[in-house]
Structure formats: C-alpha cells, structure tokens
Amino acid sequence: MEENIKLLQRWLEESRSAVFFGGAGVSTESGIPDFRSQDGLYNQHYDVPPEEILSCDFFRRDPDTFYRFYREKLMVDDAKPNVTHEKLAALEKAGHLAGIVTQNIDGLHQKAGSRQVWELHGSLFRNHCVSCGKRFSGIGHMNCAGTPRCGCGGVIRPDIVMYGEMLEDDVVQGAVDAIRNADMLIVGGTSLVVYPAAGLLRYYRGKRLVLINKSPTSYDSAADLLFTEKLGDVFSKINI
C-alpha cells in the first residue's frame, strides 16, 4: 500500500482537474449506513422492502410510512464529515480537484467545505411542496409527527431521486462534463452497480483512474491504481 500511496500523492500534486466519484462508502465512516453491505439497509428486515418505501409511487401512496422510514434511517443532521470529506475539500481548495460527483444525499461534502459537488441523487437538505412548489431548506421542518405539510396544505418532499424517477438533466450534464475533462478520476466507496450513475465512468478519457473500494467492482481491471483498503485509511495518508 505504501508505494501506491506515494504514487497517488504524486498524481494528486500534478493534477489540476481531478474529479472524485463517490458512493455510500464515503460516508460509512461518519456513521451513516450504506445500502448493500451485509449490515446495509437493504439487508435489514422491514414489513415493506426499503427499495419499495423509497419509490416515488410508494411516497405518493403512503407518505406517513415513507417518513417513518426516512426519519429512522435517512435523516443525518448530526453526522459529521470524516477524513475523506475533509481531504477532498482541501484538495479542491488547493486547486487539484475540480469537483465531486456523489451518489450520496447527506450533504457531508458541503459540510466539509467542498464547493463544486454534483449530487446525482439529490439532497436531504433541499425540499419542496408537491402542490405549490414552495422551497424549504434544511431539515428542521421535517422533525414533526406524520407527514410534513406546507402552509398551502400540500405534502413536502425531500429533493432526492426516488426509485422510479430520472436523474436531473443539469446535474448529470455537469457530472459528465467534469468527468470528461478530468485529468484524473478517483472512484471511491461505491460498488458501481447502481445505474445510470455508475455509467458515467465511461466518459472518463484519461489514463489515471484510481479505484478505492473494499470489495471488488466491475472496473477493477480498468483501474490504473487500485486500493482495497478503507477510504479513510487511504486519504489519511495524503498530505495536502
């Protein structure tokens, strides 16, 4: 691992437009559970599968149950950025990282200080009324019993991409442009099985693809530099 860290350090120092593409594994070290690991949300038992609860059809049909699950499993207002979030923010500030493409909805990259973040699956910290369209920021108004409602009486929903919905075009285009123009792509904490997000990697044209994930992925053989350690174990050794 030591030689790989030295090479990663050199590549980062040489980079002027690196992009980090991350998944749930980026935030597990902040205490936020992922979805597909042995202890992830999808391997826990509920009366209704989490995939169904997090679908747009289920939300429209039974928002009360959706919000019970949401408050128990997704609300992360007390979570704090970990070393990976912090090092990525520092790399951006130093001019080495052009931005972050994330599948996470927890806002921890922004909490750490990252400015250019493409949130493919939306954010828990942006919400809107499905009736009148009024916008709500933060999650304080979500701490209520039952389903949060707007002053007009409409249901408030988080701006997250639910199952059955498309990714936002402008976010996808921003992510595609960043990855296409990157001189280095670091992929971390993702199994690369969620599409269309994982498909964005095909837009990378460079020769410095770094993959950091504890379990194997379909892109391992294409990586120019491969780590199977925890993200925190890797980024804690990077000097900025």
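The values are calculated or read from the model by the stated rules, or taken from the named source; none is laboratory data. These figures come from a predicted structure and were not determined experimentally. Quick reminder, even Gly has a Cβ in these numbers, built from the backbone with ideal geometry, and neighbours come from all protein chains shown. Note: areas computed on protein heavy atoms with side chains; ligands, DNA, RNA excluded. Shrake-Rupley method; radii C 1.70, N 1.55, O 1.52, S 1.80 Å.
Find the relative contact order for the stretch 32-179 and round it to a whole percent, using C-alpha pairs within less than 8 Å whose residues are 6+ positions apart.
20
For the stretch 70-114, give the magnitude of the charge dipole about the Cα centre (Cβ charges: +1 Lys/Arg, -1 Asp/Glu; no others), in debye to the nearest 20.
Here the size comes out at about 60 debye.
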In sequence order, calculated HN-Hα J values of the stretch 115-128 (Karplus, 6.51, -1.76, 1.60; Hz; x Gly/Pro): 9, 9, 10, 9, 8, 4, 9, x, 8, 5, 9, 10, 9, 8
Tensor-based shape of the stretch 52-143 (alpha-carbon gyration tensor, a/c under 1.5 rounded, otherwise prolate or oblate): prolate
Rounded tilt (10° steps) of 83-93 against the dominant C-alpha axis of the chain: 70
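According to the square roots a ≥ b ≥ c of the eigenvalues of the Cα gyration tensor, what is the shape class of the chain, taking rounded for a/c under 1.5, prolate for a/b larger than b/c otherwise, and oblate for the remainder? Working shown, then result.
Values: a/c = 2.00, a/b = 1.80, b/c = 1.11.
Prolate, since a/c reaches 1.5 and a/b exceeds b/c.
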Gain in span if fully extended, R71 to C152, counting 0.36 nm per residue against the direct Cα distance: 26.9 nm
Between 0 and 90°, nearest 10: helix 169-181 axis offset from the chain longest Cα axis: 10
With Cα atoms, 0 to 90° folded angle of helix 2-14 axis to the chain main axis: 80
1.4 Å probe accessible area per residue over the chain, in Å²: 49
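Roughly speaking, to the nearest percent, how much of the chain's 1.4 Å accessible area is carbon and sulfur? Numbers along the way, then the final one.
Details: 5610 of 11730 Å².
Solvent-exposed carbon and sulfur of the chain make up 48 percent of the total.
Any chance you could count the Lys pairs in the chain whose alpha carbons are under 12 Å apart, treating pairs 8 or more apart or on different chains as valid?
4
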Total charge dipole magnitude, the chain, about the Cα centre, Cβ charges on Lys, Arg, Asp, Glu only, Debye to nearest 20: 500
